[in-house]
Amino acid sequence: MAFVIAVDGPAASGKGTIAGRLAALYGYPLLDTGLLYRAVGVGVLASAGDLDDPIAAQAVARALDLSDLDRAEVRTRAAGEAASRVAVHPGVRAALFDLQRDFTKRQPGSVVDGRDIGTVIAPHAPAKLYVTARPEVRAERRWKQLVGQGEAVDFEDILADIHKRDARDGGRKDAPMTQAPDAVLLDTSEMTIEQAFDAARRIVEDARARHRL
Ligand code: DC
C-alpha cells in the first residue's frame, strides 16, 4: 500500500506549510487540494458565472487543468472565498474525486493536504494529521501571508473570513471538514512553525514504525 500522509484541518491552520515540509523530508509528491477548489472558484468567476450555481461550478471542475493550479490568482483572498463556496456543491466534489484518489496511489507515498483527505479521499491512509489552531491565531497568520503577497487587507476582515469559512466548511451535516477518528490532532496555536513541523514529523514517524517502513 502507498504511504499516504493525509493532512487535514481548517483554513490557515499551518497544514499547508507542514504538508510541504513533510513532502520535502520524505521526497514524496504533494497535492494541495485546496488549490483545486480555488482554481474552480477562479474559473467560475473568470467566466462571470455564479459561484452558488452547482451546474456552472461542476462544469469548471470537470474541465480543470492542473496547470490552472500554478496561477498566482488562486492564492488570493478572493480565491479562498470562492473556493469555499464552490466546495459545497456535491457535483464539484465528485468531479475532483478521481484526480485526488489517483494521486494517493502514487508509490511509494504522497502527501495530500485538504479538508476531507483522511475521511473521504484516502480513508485508509496510514498517517493522518488534523492540524488546527485558534481562529485568532489563524487569522493573524493568514493576514501576514496576504500582506506579504502585497494584498491590502484588514485583520478584522480576515478574522471574519475565517469564522465564515469555518462555518461553511464544517457547519453542515455533509460538510467536508471533520476529523477522521484515527487522525492525530495537532493544535499549533502555541507553536512556532519549527515546533509544529517537529510534532508532525513525530506523528508520521510513529505511523511509519507501525507500518514497518
Ligand atoms: O485550504 P484552502 O484554504 O486553500 O481551501 C480553500 C477552500 O476549499 C476551503 O475553504 C474549503 C475548500 N476545500 C474543500 O472543501 N476540501 C478540500 N479537500 C480542500 C479545500
Here is a list of conditions, (1) modelled with pLDDT under 95; (2) within 30 Å of ASP206 (Cβ to Cβ); (3) in a helix (DSSP H, G or I), and SER84 meets all of them except one; can you say which number that is? (2)
Could you say whether any residue in the range 119-127 is within 17 Å of LEU35 (Cα to Cα), surrounded by 24 or more Cβ atoms within 10 Å (Cβ to Cβ) and out of contact with any Ser or Thr (no Cβ under 9 Å at 6 or more places or on another chain)? no
When residues of the range 148-197 are limited to those that are exposed (fewer than 15 other Cβ atoms within 10 Å of the Cβ) and of a type in the set (Lys, Arg), the one modelled with the highest pLDDT: LYS164
Based on what the data block shows, is THR119 within 12 Å of the ligand (Cβ to nearest atom), not in a helix (DSSP H, G or I) and not acidic (Asp, Glu)? no
Restricting the search to the range 51-74, which residues are surrounded by fewer than 17 Cβ atoms within 10 Å (Cβ to Cβ), modelled with pLDDT under 95 and either at positive phi or not aliphatic (A, V, I, L, M) (or both)? ASP65, SER67, ASP70, ARG71, GLU73
Looking only at the range 48-55, decide whether some residue is under 18 Å from PHE97 (Cα atoms) and among the β-branched types (Val, Ile, Thr). yes
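The values are calculated or read from the model by the stated rules, or taken from the named source; none is laboratory data. Everything numeric here is computed off the predicted structure, so don't read it as measured data. Note: ideal-geometry Cβ built from the backbone for every residue, glycine included; neighbour counts use all protein chains shown.
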